[in-house]
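To start, the structure itself, in structure tokens.
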Amino acid sequence: MNNNQNQKPYDLEERTRLFAKDIISFSGALPRTIANIEIVKQMVMAAGSVGANYIEANESLSKKDFGVRIKICRKEAKEAKYWLSLLEVRNGDMEDRRKRLAGEATELLRIFSSMVAKFK
């Protein structure tokens, strides 16, 4: 994640950008199995979509559009977590990285779920 693993950026746009970058970096270190190749494509798209949709939400023209975009962010964070759970990893270091990324996906999912709840 960021240089200090115990501190997360307060800026959610930056945090989602770092999440996508970390997913991309992690993906490059995975074993190249047939399954992983297909899973990585989906995982990278979902992780990137979290931040992209959050940027779109911040630029939305209406409250309704904002709510829709935040729901998409939540959905994409959940999807990224799902793809992370399906990957084949072959060593403890990669498993630790996967767990950290899954934890960040869960935190983002909670943040966006809270935003959706407040929006209603």
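The values are calculated or read from the model by the stated rules, or taken from the named source; none is laboratory data. On a predicted model such as this, the values are computed, not experimentally measured, just so you know. Backbone-built Cβ (ideal geometry, glycine too); neighbour counts: all protein chains shown.
Computed values, structure above
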{"read-out": "The one condition in (1) in a helix (DSSP H, G or I); (2) in contact with a Lys or Arg (Cβ under 9 Å, 6 or more places away or on another chain); (3) hydrophobic (A, V, I, L, M, F, W, C) that Val89 fails to fulfil", "value": "(1)"}
{"read-out": "Selection within the range 51-104 - surrounded by 14 or more Cβ atoms within 10 Å (Cβ to Cβ), under 20 Å from Phe26 (Cβ atoms), of a type outside the set (D, E, K, R) and over 13 Å from the mean Cα position of the chain (by Cα)", "value": "Leu87, Val89, Met94"}
{"read-out": "Given (1) more than 23 Å from Asp96 (Cα to Cα); (2) at pLDDT 95 or above; (3) surrounded by fewer than 16 Cβ atoms within 10 Å (Cβ to Cβ), index of the condition Gln42 fails", "value": "(1)"}
{"read-out": "Any chance Ser25 is free of Cβ contacts under 8 Å to residues at least 12 places away in the same chain and not in a helix (DSSP H, G or I)", "value": "no"}
{"read-out": "Single residue of the range 105-118 satisfying the filter (exposed (fewer than 13 other Cβ atoms within 10 Å of the Cβ) and more than 13 Å from the chain's Cα centre (by Cα)) that is modelled with the lowest pLDDT", "value": "Lys118"}
